[in-house]
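Inspection log for the structure reproduced underneath, given as structure tokens.
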There are 2 protein chains.
Amino acid sequence: MSHVEFRTCPANYRHWKLAVDGPVATLTMDVDEQGGLVPGYELKLNSYDLGVDIELYDAVQRLRFEHPEVKTVVLTSGKEKIFCAGANIRMLAASSHPWKVNFCKFTNETRNGIEDATENSGQTYLAALNGTASGGGYELALACDQILLVDDRSSAVSLPELPLLGVLPGTGGLTRVVDKRHVRRDLADYFSTKAEGLGGKKAVAWKLVDEAVPRVRWQEAVAERSLALASASNRLPGGAAIELTALDKSRTDDAITYPHVSAALDRTRAVAEITVRAPDGDAPESMADVYAAGASFWPLAVARELDDLILDLRTNETEIGTWVLRTTGDAGSRARPDSRRPTASERVLAYDGLLLENAASDWLANEIVLYLKRTLKRLDVTSRSLIALIEPGSCFAGSLLELALAADRSYMLFGVFEDIDPDATPAAVSVGPMNLGPLPMGNGLTRLQTRFLGDESALAAVEKRADEPLEAADAEKLGLITFAPDDIDWAEEVRIAVEERSAFSPDALTGLEANYRFAGPETIETKIFGRLTAWQNWIFYRPNASGPDGALRAYGTGKRADFDRKRV
Amino acid sequence: MSHVEFRTCPANYRHWKLAVDGPVATLTMDVDEQGGLVPGYELKLNSYDLGVDIELYDAVQRLRFEHPEVKTVVLTSGKEKIFCAGANIRMLAASSHPWKVNFCKFTNETRNGIEDATENSGQTYLAALNGTASGGGYELALACDQILLVDDRSSAVSLPELPLLGVLPGTGGLTRVVDKRHVRRDLADYFSTKAEGLGGKKAVAWKLVDEAVPRVRWQEAVAERSLALASASNRLPGGAAIELTALDKSRTDDAITYPHVSAALDRTRAVAEITVRAPDGDAPESMADVYAAGASFWPLAVARELDDLILDLRTNETEIGTWVLRTTGDAGSRARPDSRRPTASERVLAYDGLLLENAASDWLANEIVLYLKRTLKRLDVTSRSLIALIEPGSCFAGSLLELALAADRSYMLFGVFEDIDPDATPAAVSVGPMNLGPLPMGNGLTRLQTRFLGDESALAAVEKRADEPLEAADAEKLGLITFAPDDIDWAEEVRIAVEERSAFSPDALTGLEANYRFAGPETIETKIFGRLTAWQNWIFYRPNASGPDGALRAYGTGKRADFDRKRV
């Protein structure tokens, strides 16, 4: 395997079947045992690896764009007696620590995406557990709005990670059990130590599932409940489906290129230089034009390209620890008073405006905004240092400004590069409506709210300047950027910031960034990525789990794990 | 060192000086370089180890009880040019992973206690940084209500852990910088990578400190501000100081015993059997009696004994992974309708009642409730499995019921042990006002609110039964206990629960418990113990920090750490 690709489409699925019947879609998990992404394990009992989850992610995405008529998605299994056995243990035991952690992160994002579809897209997920759901299988069900479990005296839900593997459920299970489903914490404790789990009435009484349904009534109950969910859905109307056409991507050893996004990989400096291009043309007038443009509509295209790039770099380029974020718009020169053509920033704000005007009434506008939101959230939980560079010719406006606000730091050139282009228009950033609500982080706040946590007046001052191009002096004063060196200091300051980052402990940087990026309130999402992931990282890494005598390695060998019993 | 003792008193301090001048106390850190708790390092530059922090903890506690007149506490240094250099690096580099983590936990609890004194006791802490505060030194300052830094062009505050040591600040620094002091996250990022830190006006502008004071005005500024804080204090009135007399404790290899609390240590089963005794006598009538009883007043004595026991077991008995919690009250036999003597549970509720009646008007009543709160919080963050056993003769009422509510699970005998004492009064639990507000967990909720998260009606049903002795059937129905086996099943069920716990991965249990105990909202406190600690556990454990070529080991050797650059 040279590198992992996240691009796929239903015609290429090996593990999932997608069937649509009116407002109800059914996603059936039927994992090909021999279809593992990496050699060395069989995907028995509907267990999954990254490859299986890439298909699930693709299906969840496509349902939103390619099946606007769908209002309920039933997640079920194509196997007898088993819904899903969770992440494949042999795969986990054989994987490196970074692989395991990255795999968990991606699966978490997909499950959060399922919840986002339920909450914000009017596509409500129903877990139809026609057999046992254990570990990650039950965690997948927990991401659904409701859970039906067949009541046949053998099917159960379980979190056997702790008793069998000496690790935690890695995809939000603990958090969702108590914080989403409100299972009482002492019952949750018992449940999570009982490898065989619970089924039937007790699983319902403990709130682990919503209903236990006898097999004779199963089909009927699933159909009834999915139609009920569909009729309660607030899925927006709008135009016809949009096809998510194959991404135009080229990948060499030192560059990844899409039409609007590119990344130059510098392995020596451990840096990816990422550039996002503003739209060339003006925003369309109406949603009809957006439907006509389909997947080539600039905001949607950018979201898809950025999404794929983030996943690619995270998975395949673990040693590239710093991502430098740039945007490009007009190369334009200083002050063109007689020009009627809008600037690149104005064009981005116009695209944003069109989407926001229609997001409450048109499914496609809504979906594109939600996709932008999820893609930016992916950046927030990416364990790489993010540094935004704001230079003449850049276009950090509205949705693109979020890239700078997501960064750990930003540098904005004060003035212009006198030696290079003394007549250039100095860089400006523009705050727009897209920065003021529609793209919240996982903590429920906008990036601006997080930035100005506890300082309402600073936030108000920024809001007052919305839609205005703000040059470095203003942007610095308003707190929108970190530093504003002039062209004499620029190269040196930026070089030091980037080089320094590569010299620090990558682990400590990951921890630092994970803490600072999510100041403020916590949500199920931040708990999963901040708290649960951190514990899991530690537990996965300890010899009690991953050592030669650890529980992960011992599983299935008949040997008992040999634990260091000291409590830490 | 056979074991670490947390009992000390000002006469024995080696590292701190406590001086009281009317409403202002000054705690001066002046660490004895040769006074390390463990051989092998010198405590240079006011760096600290567990021994130094044990004295700080003692001083903070005693100020609350032995100096009721104190309204402001100034934390400062007895050294020239340095306030505090943080945790000693050689000590950290030489310590085992469990030692480091336990040390960080205790220092965190002390800093949270400083914030609790400021917020709830009317003893406001002022950090008077008469020299550089780096790492844990700055984190200690961050726990204070206000921070003054001398402005002399060399004194600075800094968090050099990441750039110098490849770890995170371990005592809440990252969280407090952004969530308490509201330093902008990108500035915080820069600050935390700049080993030498920041001082003067910039430190003020970035909100890292409250004021930078020229040395000529230093004494005056500290005096002014401390008096201003004292005059704004809401310290309650009441009687004279209470002396926290030496704890009556005996410790053998298999037992730790105090007047009201005892622990039997079973190393084979890896279990500590902890028993807390209800008061023998009735609650006093008035606070005057409480002042007369002083440190022997039952709730205060129990809090102190439990506090010391928790710290002792956590630090010295890391392989004892399960704590079984019992209470004892009346041995009493079934139904004594003509007896006028209150039951043990009634006595506990009366003690609770006396405290709560006076907590808003009397400093001592307030302090005892706060001490109970902090001690129970210590239990919540203890990385041991907690199992409460509720049997005939037990006394889980009011404040003592919190022990069962803090447990991961509870077992309550249904009926009596027919073979042992068929005439015994069946066990009952009693909810009282102490369970309904005054003893919140770190998440800001009571243990009952956390238990019934998202289920208001279950909580209301429990509240309705307040003050009533609830036998097993009722307690189970109300959700106050986990399981209610009868005497035929009791021994076997309890044995399995305890034995099973000892067989699981201790790391996974720690992670599981840390997640389930803190369902619901997050606060600075839960972020520190849940999120930051978990990241720190992981980072501390990785070879990039603690391996032979890791940053912690390389520090001060002139060698550069050799990092595995893969981002996880």
Considering every residue in A:377-389, what mean count of other chain Cβ atoms within 10 Å of its Cβ is obtained? 1
In terms of the ratio Rg/(2.2 N^0.38 Å) built on C-alpha atoms, what value belongs to the stretch B:206-361? 1.49
Taking residue A:562 in one copy and the same position in all the others, each labelled 7 Å out along Cα→Cβ, what are the pairwise distances from the first, in nm, shortest first? 2.7
So what does log10 I(q)/I(0) come out to for the stretch A:193-287 at q = 0.24, 0.25 Å⁻¹, using the Debye formula with one equal point on every Cα and no solvent? -1.32, -1.31
Protein-only accessible surface order, largest first, of B:48, B:41 at 1.4 Å: B:41, B:48
Working only with C-alpha atoms, what are the Rg and Dmax values of the stretch A:233-284, expressed in angstrom? 16.9, 51
Per-residue accessible area for residue A:431 at 1.4 Å probe radius, Å² rounded to 10? 0
Dipole check, the stretch A:417-568, charges on Cβ (K,R +1; D,E -1), about Cα centroid: among A:479, A:444, A:457 the Cα furthest to the positive pole belongs to A:444
Alpha-carbon centroid distance for the pair the stretch B:502-568 / the stretch A:1-42, whole angstrom: 35
For the stretch B:130-218, what is the convex hull volume of its Cα atoms per residue in Å³? 77
One can check that the equivalent ellipsoid of the stretch A:172-223, built from the alpha-carbon gyration tensor with semi-axes equal to the square roots of five times its eigenvalues, has lengths in Å, largest first, of 23, 12, 9
Can you list the copy-to-copy distances for residue B:246, using a point 7 angstrom from Cα toward Cβ, in nanometres, shortest first? 8.3
Find the percent of Cα-Cα distances in the stretch B:453-568 that exceed 16 Å, and round it to a whole number. 77
Give or take rounding to whole Å, what are the principal axis extents of the alpha carbon atoms in the stretch B:32-98, in descending order? 42, 31, 18
Report the trypsin sites (Lys or Arg not before Pro) located in the stretch B:441-472 that are in a DSSP loop and have at most 12 other Cβ atoms inside 10 Å of their Cβ, or state none. none
What Rg and what Dmax come out for the stretch B:360-400 when only alpha-carbon atoms are used, in angstroms? 13.6, 37
Using the heavy atoms of the protein chains and a 1.4 angstrom probe, tell me the accessible area per residue for the stretch A:448-487 in square angstrom. 47
The protein assembly as shown, Cα convex hull volume normalised per residue, Å³: 171
Evaluate 2.2 N^0.38 Å with N set to the residue count of the stretch B:307-404, then give the Cα radius of gyration divided by it. 1.27
Can you pull the percent of Cα pairs in chain A with separation above 31 Å? 49
Heads up, I need the accessible area for residue B:111: 1.4 angstrom probe, whole protein in place, Å², nearest 10. 0
With +1 on each Lys and Arg Cβ and -1 on each Asp and Glu Cβ, how big is the dipole of the stretch B:97-206 about its Cα centre, in debye rounded to the nearest 20? 240
Bridge type composition, the protein assembly as shown - antiparallel percent by DSSP, nearest 5: 35
Cβ neighbours within 10 Å from other chains - mean over A:189-196: 4
For chain A, what does the helix formula give at 222 nm: sum of -39500 (n - 2.57) over DSSP H segments with n ≥ 4, over the residue count, nearest 500 deg cm²/dmol? -10500 deg cm²/dmol
For chain B, averaging the sequence separation of alpha carbon pairs under 8 Å that lie six or more residues apart and dividing by its residue count, the contact order in percent is 12
Per residue, how large is the accessible surface of the stretch A:118-200? Use a 1.4 angstrom probe and give square angstrom. 20
To the nearest 10 degrees, how steeply does helix B:50-66 sit against the main Cα axis of chain B, on a 0 to 90 scale? 70
What are the distances, in nm and sorted shortest first, from the label point of residue B:223 to the label points of the same position in each other copy, with each label point placed 7 Å from Cα along the Cα-to-Cβ direction? 8.8
Stokes-Einstein diffusion coefficient for the stretch B:111-159 at 37 °C in a medium of 0.692 mPa s, Rh from the Kirkwood formula over Cα pairs: what value in µm²/s? 297
I'd like to check one number: the per residue accessible area of the stretch B:334-436, probe 1.4 Å, reported in Å² as a whole number. 31
Percent accessible area from carbon and sulfur atoms, the stretch A:1-158, protein chains only, probe 1.4 Å: 48
For residue B:37, tell me the accessible area in Å² from a 1.4 Å probe, rounded to the nearest 10. 60
Which whole-angstrom value gives the distance between the alpha carbon centres of the stretch B:245-302 and the stretch B:411-435? 22
Using a 10 Å cut-off on Cβ to Cβ distances, tally the other chain neighbours for every residue of B:552-565 and report the average as a whole number. 2
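The values are calculated or read from the model by the stated rules, or taken from the named source; none is laboratory data. Values in this document were obtained by computation on a predicted structure and should not be read as measured data. Don't worry about glycine lacking a Cβ; one is built from the backbone with ideal geometry, like all the others, and counts go over all protein chains shown. When the accessible area is computed, the model is the full protein with side chains, heavy atoms only, and any ligands, DNA or RNA have been set aside. Shrake-Rupley method; radii C 1.70, N 1.55, O 1.52, S 1.80 Å.
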